[in-house]
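Worksheet: the structure to be examined is printed underneath.
The values are calculated or read from the model by the stated rules, or taken from the named source; none is laboratory data. Only a predicted model underlies this, so the values are computations on that prediction, with no experimental measurement involved. Virtual Cβ from ideal backbone geometry, glycine too; neighbours counted across all protein chains shown.
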Amino acid sequence: MNLLRDSAQLQTHLRLFENAVETRHTILRLRPNQRQNWMGLVVAHHLNGNLEEAKMVLESYFRSLKVRALLSLGQFAQRQNQNVPQCDVEHSESLLYYIRILEELENFTEALSVLDQNEKSRAIVDRQAILETRGRNRVFISLLLIFRFIQLGYSQSMIRRTQKRHGPP
């Protein structure tokens with residue numbers, strides 16, 4: 001096991017991310033009950049540029065916890081027999097990492113939804129991170145709206161120029 005873990009670290013250091021994903025996947029299959037193995041695979045997918053895969057692995061990890069598990073479409077369901085303590089910092093950080101991946105996938109509304117749900121349930125411990133993440137997502141959403149309005153204005157001006165040149169359709 002130590003050999004595999006060292007191999008994965010070396011592959012990451014050498015930027016052999018595809019190999020690191022395979023090694024991390026092997027480690028996870030051997031010891032799926034350790035959080036570090038799940039997070040190692042998520043980070044390997046992230047570094048390899050497979051954000052969708054990283055998101056799916058994190059969702060599988062959350063489903064395996066029997067705690068406010070992330071289900072498809074970002075919906076939450078309460079499960080019994082919670083096996084994560086109330087103020088678990090590592091779980092909190094893994095939720096923040098999931099939100100960061102959603103941001104990188106440009107799914108800002110889902111990221112805000114996940115943030116709000118986990119803030120209400122106090123699953124995310126770091127209050128400063130909550131404020132920063134919420135602000136960052138709102139800025140991204142605002143910038144996307146501004147960009148779309150600019151794009152719309154540019155498109156409309158191009159249509160008017162074309163109509164002037166060629167006449168109305």
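Here are the numbers for the structure shown:
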item	result
Residue that is nearest to L112 (Cα to Cα) [pool: residues in the range 130-169 that are at pLDDT 80 or above and among the charged types (D, E, K, R)]	R134
Whichever residue in the range 95-119 is over 22 Å from L41 (Cβ atoms) and among the hydroxyl-bearing types (S, T, Y) and, among such residues, is surrounded by the most Cβ atoms within 10 Å (Cβ to Cβ)	S113
Helices (runs of 4 or more DSSP H) within the range 1-95 that include 2 or more residues modelled with pLDDT of 85 or more and of a type in the set (G, A, S)	2-13, 35-47, 51-65
Residue in the range 120-169 that is surrounded by the fewest Cβ atoms within 10 Å (Cβ to Cβ), counting only those that are of a type in the set (D, E, K, R) and within 21 Å of E106 (Cα to Cα)	R148
